[in-house]
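Engineer: Sharing a structure here in structure tokens format.
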Amino acid sequence: MSRLRLATAWLGGCSGCHMSFLDLGEQLIEISDAIELVYGPLVDAKEFPEGMDVTLIEGAVANFENLELLQQIRKRSKLLISFGDCAITGNVTSLRNFFSVDDLLTAVYHAGPGSAPRSDEADQVLPELLPRVLPLHQVVEVDAYIPGCPPDPERILAVLSSLLKGEAVTLSEVQRSFG
Amino acid sequence: MNRVELAELAETVTAQQQSCRLRLLVCCGTPCVAAGAEAVVAALREKLAALGNPADLELVGTGCQGPCSRGPLLTVLRPGQPEQVWQKTTPELAVSILEAELQQAPVPDENLLPADWPFFTRQTRLVLANSGRIDPENLEQYIACGGYESLAQVLHDMTPDQACDSVVQSGLRGRGGGGYPTGLKWQLVRKGSGSRKFIVANGDEGDPGAYMDRSLMESDPHRILEGIAIAGYAIGAEQGYIYVRGEYPVAAQRLRKAIKDAERAGLLGSRVLDSSFSFRIDIRIGAGAFVCGEETALLASIMGRRGQPRIRPPYPAEAGLWGCPTLINNVETFGNIPSIFSIGPQAFNAIGNGKSRGTKVFALCGEVVNNGLIEVPMGIPLREIVFEIGGGLANGAAFKAAQTGGPSGGCIPAEKLDTPVDYENLQALGSIMGSGGLIVMGEQSCMVDVARFFMEFCLDESCGKCVPCRTGTVEIYRLLSRICNGSASQRDLQTLEQLCQMVKDTSLCGLGAAAPNPVLSTLRWFRAEYEAHVSQRRCPAGVCTMDQLPLHLLGEQLLQRIAALRCDGEGY
Amino acid sequence: MSGDCCEHTLLVDDPRLKLVERAMKRLQYQPDALIEVLHTAQEAFGYLSRDLLSHVAAQLKLPESQVFGVATFYHFFTLRPKGEHSCIVCTGTACYVKGAGEILNTLEQAAGIKAGQTTADGRLSLGTARCLGNCSLAPMITIDDTVYGPEKPEGAVDKLNRLLEVPHEQG
Amino acid sequence: MPAITLTINNDLISARQGQTLLEVAREHGIEIPTLCHLDGLEAMGGCRLCLVELQGAPRPVPSCVTKAAEGMVVTTHSDKLVEYRKMLVELLLAERTHTCSICVQNNNCELQTLAAKLGIDHVRFDYLHQQLPMDASRERFALDHNRCVLCLRCVRVCDAVEGAHTWDVRGRGSTSRIVADLDRPWGTSTSCTDCGKCVQLCPTGALFKKGATVGEMKKERSFLNRILERRRLAAQGGTP
């Protein structure tokens, strides 16, 4: 039996969900027979590959780079899973939605401590921000959700187990709370 | 004043009016005033003064005469001759008409409305019988039209139960929109137990695009007072309130004067018309909240509180103002009452269609040639209202939809133009009779945009008490905005329908429950227009500008770098 | 937060306050008369300041938060002073269908303020109304309570400019 | 009290005259979600979560105010009701900014628990992200409007139980907001007695005690029924 081709991706978030993934610890080794981790921050691969069975995406859609990658992932993945609260609700990442992008950049880079990059430099270094931070399902079709900030390893394991059994992803009541 | 004196006064005033060689009725409704009616009155008054103010020439400033887009209107009455109505009169024209009449010379007629003009001939005027015929501030003129005769009849010839029965027999239903049988409501309140009972006349006309109540209160205030007083006797109340919309100061002022005049004449106050019945009416001024059209919110507002509805039961008929049984009817409903007793409940019941009896006043507006206030028998086909009374669409445009019932109603498409206009038939089309706003729209109106307009109204007027109305309306508005600006997906359309159904089913009061109606009715009759916005990013009416891309299309066109995505970041 | 409601110190011998007192007395200081009293207060002062609301609450023996809740529930009440002149664009259905939106946009640009705001010099308040019940004049506006309609964007701006050209009257 | 019999979810159930459908259901172990309702406070019917289907009624009715009556046929859970409840909670989650991960009430929140219970794993509607202020001017307590669901438990308990009526609502519709006195900072309120009843009854992190850790954020509500019971006894002339 071929192994499940799994990718993870990291958009606008703190990488805490990936840390929680690593917290699976020994269980990671146990599932490695069945799962092949093909792409993600934990893997050394530049281009998002074709033909993914499942992609777990951490973080919200905060800039055009996120948007582009997300759309590419959607095309190349059979199942796309919102991984953690930022991907599902926008969570902390979306707290900037209280402000306009201009006000935000002014406050953080121009009026804030330290010197700001010149605007033409900034264009080359910083990805252009979207006017609003969006949860994944407002941009592409999402197949399943793993709530939590971060989702604890048990939730991740439960999802991976269902996937390996070919079952629909369903979390129990205690495992699907936000926060 | 007693009943005999009332009849004598009516006779005297009528005789005096009939002795007039010429009676000039100038419409002083707001539209006519805006068009220059005051100058017309001043010119005529000056001319009459120059003639020495002869007793057989009478000048009357009246309330609304009806065809509001043709003001200032001048109606000329001569004994034994058909009346004549001039449109768009100027001071010069008015004076020349007067002079010509006096010299029995031919009268300039280019502004004369034809005697068989369907706008007038197709109407049946009961509630508006006196509107535009009398000076609203003159009690005697109302009495000359048979005013307070119905009250006298009820007080002296009928028991309260008989009065309630007559209203039941008439088949009258609430004209504020709900359509609940008025007589049944009266009987309920009559049976209600309480040391005191109250009456509330709802004149807080909040529907955008409707001004029936304002016109009625301004043009014929005594008719409403008489209707309320009859109800007071019938249900056993001694106190009534008229809740007048804050935006209508003239209506409030005329009603106040009418109350004072009626009290002075013994037609209100203690021992009305020398009977044992005492009844007082007070005015309460609304402060701008559409939700106060909902009866429990209205009661809260009269008692000085936030106008938020409460859960019924108990209904106001059991526990209303200060916990006492309270009768709430719209002012137009009360305006029907004197007619029921003057023509008799059977005659009233003979007018109409199906379970909708009597007449209905409509404010006919929008892209129609003859804008104005009309009263038609229930069951008249919509086509007749739009194309005969209304004269069809302005500039020969094609009819697209008629909107009835305001923010709680819906849009009726061209293929349903032959529908009889009554409570049941309108409801079957997904609209409602409502209070009587009737807006005609042509091809240049976008139905999605119209739905969004009403949703903006509803979210702003939501009282905020229940979740579906407070937040659901905001989310419906956002979905509609997205459809209008071209960034909606098929899924958005699906969410819109689900959300509308939910808000309709779960809202606490009628405002929220009806708020999705404009969306649901346009989805039903104009779905292709929604689809065009979503699938082809095209507004068939050319109203919406598709300035944003749906997110799923952004992949191909990322470089377009649109200014804003789903949310405009401004409040909603 | 405090920007929503203006502070205004009440003077005991202010004749406007006497009008409010008279209204409360006539209504026998009934808590139920709150809305009537607020109507009178706004008519007298032009708007409802915090101190005025506080005074009314004390006189009618109502909780302050309840008075504030009522004053902010109804669109008719304003908690900020209005401009010397007012221009209201009706956005009822008939007016909307016939182009009230365009009139409003044009007026907002001309006056440099949004609907609901008052110019910095306090000369003009621009507002919208849900429906003023003059649908046959659609689209209509009112300028200082005078009704105009059917109106066009340019015509509305002209009327407004003419109004504002009249120099500010002293006193 | 006379007994009546009604059908709830196909079971014949007996109830006492005057009981609400919610009370009857709870007595029989049927859980109906609510956010605004709380035993001891006057029912408001605002959250609409407790809606149930009543045979013969055109629309679902709120069980918190609908009195049980002989022969009623009630359904507390149908596909439609469950879907409506989900949508209602989603609307609440979208209305204000309930970022659970950074909320003082995380894991002790009625809204959060309810969302999980109803199976809400994402919200279909736009997050409104209204920028609302936080009022930490009171010495012991704070108010964060971003977490408020406008259940008005605070308003009701402050008025009816504490008798202070410090809280009320300003504005209307989606601009509704809880206010203290004349919308002045809570810290300057002269009517507030600092009793903390509102804080304890608040279902979310909108009203909270300052300086407590997340672990200490469990709310204590038993005082409400104790106070009301003592009052009832006192009114009957018994010794409280």
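The values are calculated or read from the model by the stated rules, or taken from the named source; none is laboratory data. These numbers come from a predicted model, not from an experiment. Please note: Cβ atoms are built from the backbone with ideal geometry, for glycine as well, and neighbour counts cover all protein chains shown. For the accessible areas, the whole protein counts, side chains as well, though only heavy atoms, and no ligand, DNA or RNA atoms are used. Shrake-Rupley method; radii C 1.70, N 1.55, O 1.52, S 1.80 Å.
Engineer: Take B:Leu151 and decide whether it is part of a helix (DSSP H, G or I), modelled with pLDDT of 95 or more and among the hydrophobic types (A, V, I, L, M, F, W, C).
Structural biologist: yes
Engineer: Let me ask something else. Considering only residues that are among the hydrophobic types (A, V, I, L, M, F, W, C) and within 11 Å of chain D (Cβ to nearest Cβ), look in the stretch A:145-157 and name the one that is surrounded by the fewest Cβ atoms within 10 Å (Cβ to Cβ).
Structural biologist: Once the filter is applied, the top-ranked residue is A:Cys149.
Engineer: Of all residues being touching a helix residue (DSSP H, G or I) at 6+ places or on another chain (Cβ under 6 Å) and away from chain C (no Cβ under 13 Å) in the stretch D:129-143, which is nearest to D:Arg96 (Cα to Cα)? Just the residue, please.
Structural biologist: D:His129
Engineer: Restricting the search to the stretch C:97-136, which residues are facing chain B (nearest Cβ under 7 Å), over 22 Å from B:Gly71 (Cβ atoms) and part of a helix (DSSP H, G or I)?
Structural biologist: Selection gives nothing.
Engineer: So, in the stretch A:5-35, exactly how many residues are touching a strand residue (DSSP E or B) at 6+ places or on another chain (Cβ under 7 Å) and aliphatic (A, V, I, L, M)?
Structural biologist: 6
Engineer: Go through D:Ala116, D:Ala164 for me and flag whichever is modelled with pLDDT of 95 or more and at the interface with chain A (Cβ under 8 Å from one of its Cβ atoms).
Structural biologist: Exactly one of D:Ala116, D:Ala164 is modelled with pLDDT of 95 or more and at the interface with chain A (Cβ under 8 Å from one of its Cβ atoms), namely D:Ala116.
Engineer: I've got another one for you. From B:Tyr233, B:Tyr248, B:Tyr243, which residue is more than 23 Å from C:Val147 (Cβ to Cβ), aromatic (Phe, Trp, Tyr), in the same structural domain as B:Trp322 (by TED's automatic domain parsing) and open to solvent by less than 10 Å² (accessible area, probe 1.4 Å)?
Structural biologist: Checking each option against the conditions leaves just B:Tyr243.
Engineer: Is there a residue being aliphatic (A, V, I, L, M), more than 26 Å from C:Cys135 (Cβ to Cβ), buried (at least 24 other Cβ atoms within 10 Å of the Cβ) and at pLDDT 95 or above anywhere in the stretch B:156-166?
Structural biologist: yes
Engineer: Name the single residue that is nearest to A:Ala60 (Cα to Cα) among those in the stretch D:98-128 being surrounded by fewer than 19 Cβ atoms within 10 Å (Cβ to Cβ), without any contact (Cβ under 8 Å) to a residue 12 or more places away in the chain and over 19 Å from the mean Cα position of the chain (by Cα).
Structural biologist: Taking the candidates together, the pick is D:Ser101.
Engineer: Determine which member of the set B:Asp56, B:Asp135 is modelled with pLDDT of 95 or more and out of contact with any Asp or Glu (no Cβ under 8 Å at 6 or more places or on another chain).
Structural biologist: Answer to the selection: B:Asp135.
Engineer: Among the residues of the stretch D:228-237, is there at least one that is part of a helix (DSSP H, G or I) and in contact with a Phe, Trp or Tyr (Cβ under 9 Å, 6 or more places away or on another chain)?
Structural biologist: No, every residue in the stretch D:228-237 fails to be part of a helix (DSSP H, G or I) and in contact with a Phe, Trp or Tyr (Cβ under 9 Å, 6 or more places away or on another chain).
Engineer: OK, next. Exactly one of these conditions fails for D:Asn146: (1) closer than 30 Å to D:Leu228 by Cβ; (2) within 13 Å of chain A (Cβ to nearest Cβ); (3) outside any loop (DSSP other than H, G, I, E, B). Give me its number.
Structural biologist: Single failed check for D:Asn146: (1).
Engineer: Any idea which of (1) under 22 Å from the mean Cα position of the chain (by Cα); (2) part of a loop (DSSP other than H, G, I, E, B) is the one B:Arg254 doesn't satisfy?
Structural biologist: Of the numbered conditions (1) under 22 Å from the mean Cα position of the chain (by Cα); (2) part of a loop (DSSP other than H, G, I, E, B), the odd one out for B:Arg254 is (2).
Engineer: Only residues that are at the interface with another protein chain (Cβ under 7 Å from one of its Cβ atoms) and surrounded by 17 or more Cβ atoms within 10 Å (Cβ to Cβ): list them for the stretch A:158-179, please.
Structural biologist: Scanning the stretch A:158-179 gives A:Arg176, A:Ser177, A:Phe178, A:Gly179.
Engineer: Looking at D:Cys158, D:Cys100, D:Cys109, can you tell me which residue is within 25 Å of D:Thr34 (Cβ to Cβ), out of contact with any Pro (no Cβ under 6 Å at 6 or more places or on another chain) and away from chain A (no Cβ under 14 Å)?
Structural biologist: Of D:Cys158, D:Cys100, D:Cys109, the one residue that is within 25 Å of D:Thr34 (Cβ to Cβ), out of contact with any Pro (no Cβ under 6 Å at 6 or more places or on another chain) and away from chain A (no Cβ under 14 Å) is D:Cys158.
Engineer: Here is a list of conditions, (1) open to solvent by less than 30 Å² (accessible area, probe 1.4 Å); (2) outside the structural domain of D:Gln112 (by TED's automatic domain parsing), and D:Pro203 meets all of them except one; can you say which number that is?
Structural biologist: With (1) open to solvent by less than 30 Å² (accessible area, probe 1.4 Å); (2) outside the structural domain of D:Gln112 (by TED's automatic domain parsing) applied to D:Pro203, the lone miss is (2).
Engineer: Take the residues of the stretch A:94-144 that are open to solvent by less than 30 Å² (accessible area, probe 1.4 Å) and at pLDDT below 85: which is farthest from A:Glu58 (Cα to Cα)?
Structural biologist: A:Gly112
Engineer: Sticking with this one: For the list (1) open to solvent by 40 Å² or more (accessible area, probe 1.4 Å); (2) within 7 Å of another protein chain (Cβ to nearest Cβ), I need the number of the one condition that D:Glu95 fails.
Structural biologist: (1)
Engineer: Still on this structure, please answer the following. Go through (1) at pLDDT 95 or above; (2) aliphatic (A, V, I, L, M); (3) open to solvent by 10 Å² or more (accessible area, probe 1.4 Å) for B:Ile432 and report which single condition fails.
Structural biologist: For B:Ile432, the failing item is (1).
Engineer: Looking only at the stretch B:279-307, which residues are outside any helix (DSSP H, G or I), at the interface with chain C (Cβ under 10 Å from one of its Cβ atoms) and of a type outside the set (D, E, K, R)?
Structural biologist: Of everything in the stretch B:279-307, those that are outside any helix (DSSP H, G or I), at the interface with chain C (Cβ under 10 Å from one of its Cβ atoms) and of a type outside the set (D, E, K, R) turn out to be B:Ile283, B:Ile285, B:Gly286, B:Ala287, B:Gly288, B:Ala289, B:Met303, B:Gly304, B:Gly307.
Engineer: Let me ask another. How many residues are surrounded by 21 or more Cβ atoms within 10 Å (Cβ to Cβ), within 26 Å of B:Gln308 (Cα to Cα) and among the charged types (D, E, K, R) if we restrict to the stretch C:63-120?
Structural biologist: 1
Engineer: Give the residue that is nearest to B:Leu51 (Cα to Cα), with candidates limited to residues of the stretch B:79-104 that are open to solvent by less than 40 Å² (accessible area, probe 1.4 Å) and in a loop (DSSP other than H, G, I, E, B).
Structural biologist: Of everything passing the filter in the stretch B:79-104, B:Thr89 is nearest to B:Leu51 (Cα to Cα).
Engineer: Also, quick follow-up: When you scan the stretch C:5-26, do you find a residue that is open to solvent by 10 Å² or more (accessible area, probe 1.4 Å), of a type outside the set (Gly, Ala, Ser) and within 14 Å of chain B (Cβ to nearest Cβ), even just one?
Structural biologist: The answer is yes, given that some residue of the stretch C:5-26 is open to solvent by 10 Å² or more (accessible area, probe 1.4 Å), of a type outside the set (Gly, Ala, Ser) and within 14 Å of chain B (Cβ to nearest Cβ).
Engineer: When the stretch D:184-200 is examined, which residues are found to be outside any helix (DSSP H, G or I), open to solvent by less than 40 Å² (accessible area, probe 1.4 Å) and within 12 Å of another protein chain (Cβ to nearest Cβ)?
Structural biologist: Answer for the stretch D:184-200, where residues must be outside any helix (DSSP H, G or I), open to solvent by less than 40 Å² (accessible area, probe 1.4 Å) and within 12 Å of another protein chain (Cβ to nearest Cβ): D:Ser189, D:Ser191, D:Cys192.
Engineer: Can you tell me how many residues in the stretch C:55-71 are in contact (Cβ under 8 Å) with a residue 24 or more places away in the chain, of a type in the set (D, E, K, R) and either in a helix (DSSP H, G or I) or closer than 19 Å to D:Val169 by Cβ (or both)?
Structural biologist: 0
Engineer: Right, next: For the stretch D:188-237, give me each residue that is closer than 16 Å to D:Cys154 by Cβ and free of Cβ contacts under 8 Å to residues at least 40 places away in the same chain.
Structural biologist: Result: D:Ser191, D:Thr193, D:Cys195, D:Gln200, D:Glu220, D:Phe223.
Engineer: Just one of C:Glu36, C:Glu43 is within 13 Å of chain B (Cβ to nearest Cβ), under 26 Å from C:Leu124 (Cβ atoms), part of a helix (DSSP H, G or I) and among the charged types (D, E, K, R); which is it?
Structural biologist: C:Glu43
Engineer: Of B:Leu417, B:Leu426, which residue is surrounded by 24 or more Cβ atoms within 10 Å (Cβ to Cβ) and either hydrophobic (A, V, I, L, M, F, W, C) or more than 14 Å from chain C (Cβ to nearest Cβ) (or both)?
Structural biologist: B:Leu426
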